[in-house]
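Novice: Starting off with a structure, shown below.
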Amino acid sequence: MALIVHKYGGTSMGSTERIKNVAKRVAKWHDAGHQIVVVPSAMSGETNRILGLAKEITDQPDPRELDVIAATGEQVSVGLLAIALQAIGKQAVSYAGWQVAIKTDDAHTKARIASIDDVKVKRDLDAGKIVIITGFQGVNEQGDITTLGRGGSDTSAVAVAAALKAQECLIFTDVDGVYTTDPRLVTEARRLSTVTFEEMLEMASLGSKVLQIRSVEFAGNYKMPTRVLSSLTDPLLPLEIEAKSGTLISFEEDSNMEQATITGIAFNRDEAKITVFGVPDRPGIAYQILGPVADANIEVDMIIQNQSVEGKTDFTFTVPRNEYTKAMQVLANDVQAQIHATGIIGDAKVSKVSVVGVGMRSHVGVASHMFRTLSEEGINIQMISTSEIKISVLIDEKYMELAVRALHKAFGLENP
Ligand code: ADP
Ligand code: ASP
Ligand code: MG
């Protein structure tokens, strides 16, 4: 007998029919003698629908109130799943984040989990119940509902698994594992049976939304075995087969194995680029520009500062597209006049494409192969950033899909 956490995403919970299938699958694992905690997302489209309602009222809704409404989608899901399990004769109980409690910081709409109380859950599990906990939401010190950022149910699931010291966290989703790139964009994409934790972290942070990045961080910090697998197979698929399916995140690099140079290609459509130009080139200027942006809780990603000419330089950086307007406002109100910059321009139609692989460490020429491939397609590179195991480029969004397909082919990712 083991304690196992199952997470089901929006598509997997997308209709009452699908929820009944989830219940059958969960019951199968419980019947095999395991203790099961389930963390479901809202039904697909629901979070978008709810957030859309707020946007119909105002462009900049209060984040605290956004969380109040956004968290309701998951609350419907847990209740429906408990009902579906009870309907097939299982004892099940659902909890909202605050009931558990899953405590977070105050960063509304992108809160971080601080602690999870396991008392109630353990008591129910020991009484033979299946416990269902809302994904995506928590509660802060003041007792206000918070949410963990889009795709946050993955993080709830892995964090719950870590807190309960579960044997494994199974992320059931609408694809049957982690692929070399999004299989919806590149049909030749290949499923990986394992992916190293480091690679998964890079892929997630660079836009592969199959797992939210913080879920991968939790998996790494707590060495929680985490597997991505399909929820769309027959729910009565034999458990032994299901348990080995999908993609396992591994924590060891097999040093004997010849690593492929590149493991996968990640992309993020929704980037925005901002240039502050005519900036005096003196100590402290990067801080004066980026400090207020960070204070506004906006994440900055790629950064370049140009060579200065006659004591003036240009400073360019990227932010998530949904923070673009806010970042431009911060710069106009709190930065431009203070540093005597000549102007600020932005482009919210840029995307980032990245090649990722731990094998890059021992292979040279990856960057030149990547740049040649893009140049052969006539794609202009606007910014570049690298780490030991990834190379990212910023390009015009209209070339993003072309770039991903060309790179997938150029690095031979369709072949094992
Ligand atoms: P869920 O609702 O289950 O959380 P998501 O839509 O958040 O599902 O994540 C699954 C989706 O991630 C897939 O449908 C796929 O389109 C996308 N995806 C992006 N990159 C990859 C990748 N490298 N491997 C698998 N899926 C990927
Ligand atoms: N329902 C939330 C979202 O759509 C959380 C999740 O699905 O993981 O972002
Ligand atoms: Mg998701």
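Novice: Please list 3J(HN,Hα) in residue order for region 294-307, calculated via the Karplus relation 6.51 cos²θ - 1.76 cosθ + 1.60 where θ = phi - 60°; whole Hz, with x for glycine and proline.
Specialist: The phi angles translate into 5, 4, 7, 6, 9, 7, 9, 10, 7, 9, 9, 10, 6, 4 Hz.
Novice: Reported to two decimal places, what Rg/Rh ratio describes region 179-245 when computed on Cα atoms with Rh from the Kirkwood expression?
Specialist: 0.99
Novice: Taking 8 Å as the Cα distance limit and 6 or more residues as the minimum spacing, I'd like the relative contact order of region 60-152 as a percentage.
Specialist: It rounds to 35 percent for region 60-152.
Novice: Let me ask something else. In the full protein assembly as shown, how much of H369 is accessible to a 1.4 Å probe, in Å² to the nearest 10?
Specialist: 50
Novice: Here is a further query. Starting at the first residue of region 407-416, write each ³J(HN,Hα) from the Karplus equation 6.51 cos²θ - 1.76 cosθ + 1.60 with θ = phi - 60°, in whole Hz, x for Gly and Pro.
Specialist: So the Karplus estimates, Gly and Pro as x, are 6, 4, 6, 4, 8, x, 6, 6, 9, x Hz.
Novice: I need the shape label for the chain. Rule: rounded when a/c is under 1.5, else prolate if a/b > b/c, else oblate, with a, b, c from the alpha carbon gyration tensor.
Specialist: Note, shape of the chain comes out oblate.
Novice: In Å and whole numbers, how far do the C-alpha atoms of region 255-369 stretch along each principal axis, longest first?
Specialist: That works out to 56, 33, 23 Å along the principal axes.
Novice: Also: What are the ³J(HN,Hα) values, in whole Hz, obtained from phi via the Karplus relation 6.51 cos²θ - 1.76 cosθ + 1.60 with θ = phi - 60°, for each residue of region 372-382 in sequence order, with x given for Gly and Pro?
Specialist: Ordered by residue, 3J(HN,Hα) equals 5, 4, 5, 5, 5, 8, x, 9, 7, 8, 9 Hz.
Novice: Keeping all protein chains in position, work out how much accessible area V121 exposes to a 1.4 Å probe, and write it in Å² to the nearest 10.
Specialist: 0
Novice: Roughly speaking, what is the centre-to-centre gap between region 276-314 and region 152-182 when only Cα atoms are used, to the nearest Å?
Specialist: About 38 Å separates the Cα centre of region 276-314 from the one of region 152-182.
Novice: Can you work out the accessible area per residue across region 283-416, with the rest of the protein chains kept in place, probe 1.4 Å, in square angstrom?
Specialist: The answer is 51 Å² per residue.
Novice: With springs only between Cα atoms under 10 Å apart, run a GNM on the chain and tell me which of A327, A260, A341 wobbles the most.
Specialist: So, out of A327, A260, A341, the one fluctuating most is A341.
Novice: Put Y8, Y287 in order of accessible area, largest first, 1.4 Å probe: what do you get?
Specialist: So, going from the largest accessible area down, we get Y287, Y8.
Novice: A further question follows. Report the accessible area of T194, computed with a 1.4 Å probe over the heavy atoms of all protein chains in place, in Å² rounded to the nearest 10.
Specialist: T194 has an accessible surface of roughly 80 Å² with all protein chains in place.
Novice: Right, here's the next one. Looking at the chain as a GNM with Cα springs under 10 Å, which of Q99, Q142, Q167 has the largest mean-square fluctuation?
Specialist: Top of the fluctuation ranking is Q142.
Novice: Taking the Cα centre of region 76-220 as origin, sum charge times position over the Cβ atoms of Lys and Arg (+1) and Asp and Glu (-1), and report the length of that vector in debye to the nearest 20.
Specialist: Dipole size: approximately 360 debye.
Novice: Also, quick follow-up: What base-10 log of the normalised intensity I(q)/I(0) is obtained for region 1-132 from the Debye formula, alpha carbons as equal point scatterers, at q = 0.15 Å⁻¹?
Specialist: Results for region 1-132 at q = 0.15 Å⁻¹ read -0.76.
Novice: Of R18, R123, which has the most accessible area with a 1.4 Å probe, and how do the rest follow in descending order?
Specialist: R123, R18
Novice: Please report how far the C-alpha centroid of region 77-93 lies from that of region 372-415, rounded to the nearest whole angstrom.
Specialist: Here the answer is 46 Å between Cα centres.
Novice: Let me ask another. Taking amide hydrogens as modeled 1.01 Å from N in the peptide plane, which residues meet the under 5 Å criterion relative to A114, leaving out close sequence neighbours?
Specialist: Counting only residues 5 or more places away or on other chains, the set is K103, T104, D105.
Novice: If you add up the charges near V293, with Lys and Arg at +1 and Asp and Glu at -1, over every other residue whose beta carbon is less than 13 angstrom from its beta carbon, what do you get?
Specialist: -4
Novice: Skip the ligands, DNA and RNA, and give the accessible area per residue of region 74-210 with a 1.4 Å probe, whole Å².
Specialist: 40
Novice: Given the options T16, T173, T147, state which has the largest fluctuation in a GNM of the chain using a 10 Å cut-off (strictly under) for Cα springs.
Specialist: Per the Cα network of the chain with a 10 Å cutoff, T16 tops the list.
Novice: At a 1.4 Å probe radius, carbon and sulfur cover how many percent of the accessible area of the chain?
Specialist: It is 50 percent, rounded to a whole number.
Novice: In debye, nearest 20: dipole of the chain around its Cα centre with unit charges on the Cβ of K, R (+) and D, E (-)?
Specialist: 820
Novice: Any idea how far the Cα center of region 1-43 sits from the one of region 217-249, in Å?
Specialist: Cα centroid of region 1-43 versus Cα centroid of region 217-249: 12 Å apart.
The values are calculated or read from the model by the stated rules, or taken from the named source; none is laboratory data. Everything numeric in this text was worked out from a predicted model, so none of it was measured. Using ideal geometry, Cβ is built from the backbone for each residue, glycine included, and neighbour counts are taken over all protein chains shown. The protein model used for the area step is the full one, side chains on, heavy atoms only, and it has no ligands, DNA or RNA in it. Shrake-Rupley method; radii C 1.70, N 1.55, O 1.52, S 1.80 Å.
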